[in-house]
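Here the structure is laid out as structure tokens; the discussion comes afterwards.
The values are calculated or read from the model by the stated rules, or taken from the named source; none is laboratory data. Nothing here was measured: the structure is a model prediction, and the numbers come from that model. Here the Cβ positions follow ideal geometry from the backbone for every residue, glycine too, while neighbour counts run over all protein chains shown.
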Amino acid sequence: MNDRLNTFLSLADAVIITDQEHHILAVNETYARITGYSIDTIVGKKAGILRTAYTPRETYKKMHEAIRAGSPWSGVFTNQKQNKDLWHSSITITPFNMDEQTYFVGVFRELEELDRGFYLNEERIRGIQGSLLKVLAISCEIRDPGIESHLLRVQKLTELLAARHNERLQLGLQPQALSLIAHSSILHDIGKSSIPEGILYKPGPLADYERKIIEMHTLIGVDIVDKIYAELDDDLFESELSTAKSIIQHHHERWDGSGYPHQLQGQHIPLEARIVSVVDVYDALTTKRPYKEKWSAELAVNYLLEQRNKQFDAEIVDSFITLYNEGATALND
Ligand SMILES: [Fe+2]
Ligand SMILES: [Fe+2]
């Protein structure tokens, strides 16, 4: 191997050199000491033998794309030592072209704080949080066969509407805040899991007391989330659950103050709840329910327009309409 490449091996950090096919051509002493593989055993193997599922596939994909294009790449790998212990490191891989060959030089820096456990990047944490909330929402309402697709549509439409509203009104919400709203929206009716089926799915009009019981789902939902939060004893879900609580509690408030449970008015209703309220009603109207037929999208949109400044925040309805006009609200289920 080229001398210039060999000089990398004298670095104090762990260093690995591979060919284009990721066969290991050389590693240094530090690399051997950390991984537990002797230099002789590891040379000739594929670099992938250290891989673990803790490194997201997306990370490998980005790495491959970058180095194939000839650019250096840095990221975080959770690899496996010979004894199966995890090895968390940030790595910089630099491609070198020499003697008509391409070599990849990887320099590892150990993440010292992470002797134990594993490193998850933000995106992956959000993905896991989202899946758990989805399972939670669906299992709470499993009695209702149509509910899963309703919840998923509400989530998708909330994601679109929150992004559009943010952009249209220049609200300055960060992507993380937007995805929080979308992820949490799926929990809006979690409290219905405690409402008797006879009332929940009753075809035809409800008696006053039945309506009161159904309205309880907003408060019961908050109670469920509080219980989960008390059990969790972990901050990982803190922002998810507080956004979820605000949506659960307030998605039936109305802009004019005639909603429930607290008769909040206008901007006093949290933004995330105002957004979900529009989406939830739109989806409910355009779906067949035991007590009503399916409305056309056009009729449902007319209803939203009619309810500007009454049931709904007019600006949010207008943002929804821009999506509708682009055909973005027609989701296939
Ligand atoms: Fe609800
Ligand atoms: Fe709903």
### Message
Which residue is farthest from ligand 1 (Cβ to nearest atom), if the candidates are limited to region 200-218 and must be surrounded by 15 or more Cβ atoms within 10 Å (Cβ to Cβ) and among the aliphatic types (A, V, I, L, M)?
### Response
Ile213
### Query
Which residues, counting only those in region 262-292, are within 11 Å of ligand 1 (Cβ to nearest atom) and surrounded by fewer than 19 Cβ atoms within 10 Å (Cβ to Cβ)?
Val281, Ala284
### Task
Considering each residue of region 249-290, count those that are part of a helix (DSSP H, G or I) and within 22 Å of Arg164 (Cα to Cα), and give that number.
19
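Go through Ile138, Ile195, Ile190, Ile214 for me and flag whichever is touching a Cys at 6+ places or on another chain (Cβ under 9 Å), within 16 Å of ligand 2 (Cβ to nearest atom) and more than 19 Å from Ala328 (Cα to Cα).
Sole residue among the options that is touching a Cys at 6+ places or on another chain (Cβ under 9 Å), within 16 Å of ligand 2 (Cβ to nearest atom) and more than 19 Å from Ala328 (Cα to Cα): Ile190.
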### Task
Check Gly327 against each of (1) over 28 Å from the mean Cα position of the chain (by Cα); (2) part of a loop (DSSP other than H, G, I, E, B); (3) surrounded by fewer than 18 Cβ atoms within 10 Å (Cβ to Cβ) and name the one condition it does not meet.
(1)
### Summary
Lys227 passes all but one of the listed conditions (1) part of a helix (DSSP H, G or I); (2) touching a Leu at 6+ places or on another chain (Cβ under 8 Å); the exception is number (2)
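In region 174-189, is there at least one residue being over 24 Å from Lys156 (Cβ atoms) and either away from ligand 1 (no atom under 14 Å from the Cβ) or not β-branched (Val, Ile, Thr) (or both)? Show your work before the answer.
Residues of region 174-189 that are over 24 Å from Lys156 (Cβ atoms), as a first pass: none.
No: region 174-189 contains no residue that is over 24 Å from Lys156 (Cβ atoms) and either away from ligand 1 (no atom under 14 Å from the Cβ) or not β-branched (Val, Ile, Thr) (or both).
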### Task
Output the residue which, of all residues in region 198-210 that are of a type in the set (A, V, I, L, M) and touching a residue at least 12 places away in the same chain (Cβ under 8 Å), is farthest from ligand 2 (Cβ to nearest atom).
Ile199
### Query
Of these, Leu161, Leu151, Leu171, which one is of a type outside the set (Lys, Arg) and away from ligand 2 (no atom under 16 Å from the Cβ)?
Leu171
### Query
Of the conditions (1) in contact (Cβ under 8 Å) with a residue 12 or more places away in the chain; (2) farther than 19 Å from Gln311 by Cβ; (3) of a type outside the set (Phe, Trp, Tyr), Ile248 fails just one. Which one is it?
(2)
### Query
Scanning for something at pLDDT below 95, more than 16 Å from ligand 2 (Cβ to nearest atom), touching a Lys or Arg at 6+ places or on another chain (Cβ under 7 Å) and not charged (D, E, K, R), does region 178-187 turn up at least one residue?
yes
## Note on the structure
Of (1) modelled with pLDDT of 90 or more; (2) within 15 Å of ligand 1 (Cβ to nearest atom); (3) of a type outside the set (A, V, I, L, M, F, W, C), Lys156 satisfies every one except (2)
### Query
Would you pick out the residues in region 45-67 that are surrounded by 13 or more Cβ atoms within 10 Å (Cβ to Cβ) and closer than 12 Å to Thr78 by Cβ?
Leu50, Arg51, Thr52, Tyr54, Thr55, Pro56, Thr59, Tyr60
## Note on the structure
If you go through Ser258, Ser246, the only one that is surrounded by 15 or more Cβ atoms within 10 Å (Cβ to Cβ) and of a type in the set (Gly, Ala, Ser) is Ser246
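On the given criteria, is Thr18 touching a strand residue (DSSP E or B) at 6+ places or on another chain (Cβ under 6 Å), in contact (Cβ under 8 Å) with a residue 40 or more places away in the chain and not hydrophobic (A, V, I, L, M, F, W, C)?
For Thr18, the condition - touching a strand residue (DSSP E or B) at 6+ places or on another chain (Cβ under 6 Å), in contact (Cβ under 8 Å) with a residue 40 or more places away in the chain and not hydrophobic (A, V, I, L, M, F, W, C) - is met.
Residues checked against (1) assigned by TED's automatic domain parsing to the domain that holds Pro175; (2) within 23 Å of Leu180 (Cβ to Cβ); (3) of a type outside the set (Phe, Trp, Tyr); (4) touching a residue at least 60 places away in the same chain (Cβ under 8 Å):
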position	(1), (2), (3), (4)
Arg274	yes, yes, yes, no
Val281	yes, yes, yes, no
Tyr291	yes, no, no, yes
Asn309	yes, no, yes, no
Ile316	yes, yes, yes, yes
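Residue by residue, here is whether (1) among the polar types (S, T, N, Q); (2) out of contact with any Asp or Glu (no Cβ under 7 Å at 6 or more places or on another chain); (3) more than 17 Å from Val279 (Cβ to Cβ) holds:
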{"residue": "Leu173", "(1), (2), (3)": "no, yes, no"}
{"residue": "Gln176", "(1), (2), (3)": "yes, yes, yes"}
{"residue": "Ser179", "(1), (2), (3)": "yes, yes, no"}
{"residue": "Gly191", "(1), (2), (3)": "no, yes, yes"}
{"residue": "Pro196", "(1), (2), (3)": "no, yes, yes"}
{"residue": "Ile199", "(1), (2), (3)": "no, no, yes"}
{"residue": "Val225", "(1), (2), (3)": "no, yes, yes"}
{"residue": "Ile228", "(1), (2), (3)": "no, yes, yes"}
